[in-house]
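Some notes on the structure that comes next.
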Amino acid sequence: MRCYAFVLFFISFALTTTAFAQLKSSKVSCPAFEVDILNGKVSGLKPDRTSNEITGKFPCYTSKTDENSSSKCGGMIVYKDKDITFFTGRNYVEIGPAFKGKMSITMLGTKRGSLNKVLGTPKIKDATWDAYQTGYGCLVLYYGADNKVKKIQFSTYGTDTIQLCE
């Protein structure tokens with residue numbers, strides 16, 4: 001009789017634990033990326049935030065490189081499907097042409113010089129990019145062959161001290 005009671009107890013225990021099991025999605029979701037160009041923030045985070053702060057707010061990254069002496073560009077958190085990258089070791093954010101998110105000012109695809117009313121005169125100009133000194137650091141706009149913005153970088157460092165990853 002004891003054997004049957006033990007078997008019955010074991011079966012009821014096994015059924016009870018599986019009854020409370022839940023299906024969970026393995027895909028991590030992120031809030032929408034909202035870029036505030038004039039204040040140099042992504043959803044309230046400045047480029048000088050730590051890796052943990054960024055991944056805590058945006059856990060859906062596609063790749064991550066820790067900051068250490070052997071990493072080429074310092075720490076990086078890449079959101080390839082959103083076309084945005086945080087360079088945590090160098091305190092800047094890079095936004096590519098396929099960026100998925102909201103921007104306070106539409107910049108991607110705008111003609112060179114059309115943003116000078118908002119941004120002022122570039123501090124440094126090159127054939128394919130303009131660098132603007134800002135209150136938070138600097139903003140660099142890269143242009144394609146059509147002379148339209150194709151990539152954006154902004155940093156808490158100024159134009160004299162920023163170190164971009166090649």
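Of note, Phe99 satisfies the criterion of being touching a helix residue (DSSP H, G or I) at 6+ places or on another chain (Cβ under 8 Å) and within 21 Å of Cys138 (Cα to Cα). Listed by position, the strands (runs of 3 or more DSSP E) contained in the range 54-166 that have at least 2 residues being over 27 Å from Ser29 (Cβ atoms), in contact (Cβ under 8 Å) with a residue 40 or more places away in the chain and under 20 Å from the mean Cα position of the chain (by Cα) are 149-155. Taking the conditions (1) surrounded by fewer than 20 Cβ atoms within 10 Å (Cβ to Cβ); (2) among the small types (Gly, Ala, Ser); (3) on the phi > 0 side of the Ramachandran plot in turn, Gly137 satisfies each one other than (1).
Filtered by the rule that a residue be open to solvent by 30 Å² or more (accessible area, probe 1.4 Å) and either more than 16 Å from Pro47 (Cα to Cα) or modelled with pLDDT under 95 (or both), the range 121-133 gives Thr121, Lys123, Ile124, Lys125, Asp126, Ala127, Thr128, Trp129.
Considering only the range 42-53, state which residues are free of Cβ contacts under 8 Å to residues at least 60 places away in the same chain and open to solvent by 30 Å² or more (accessible area, probe 1.4 Å). The answer is Gly44, Arg49, Thr50, Asn52, Glu53.
The values are calculated or read from the model by the stated rules, or taken from the named source; none is laboratory data. Being a predicted model, the structure only gives us computed values, none of them experimental. Cβ coordinates were reconstructed from backbone atoms using ideal geometry, including for glycine residues, and neighbour counts include every protein chain displayed. The protein model used for the area step is the full one, side chains on, heavy atoms only, and it has no ligands, DNA or RNA in it. Shrake-Rupley method; radii C 1.70, N 1.55, O 1.52, S 1.80 Å.
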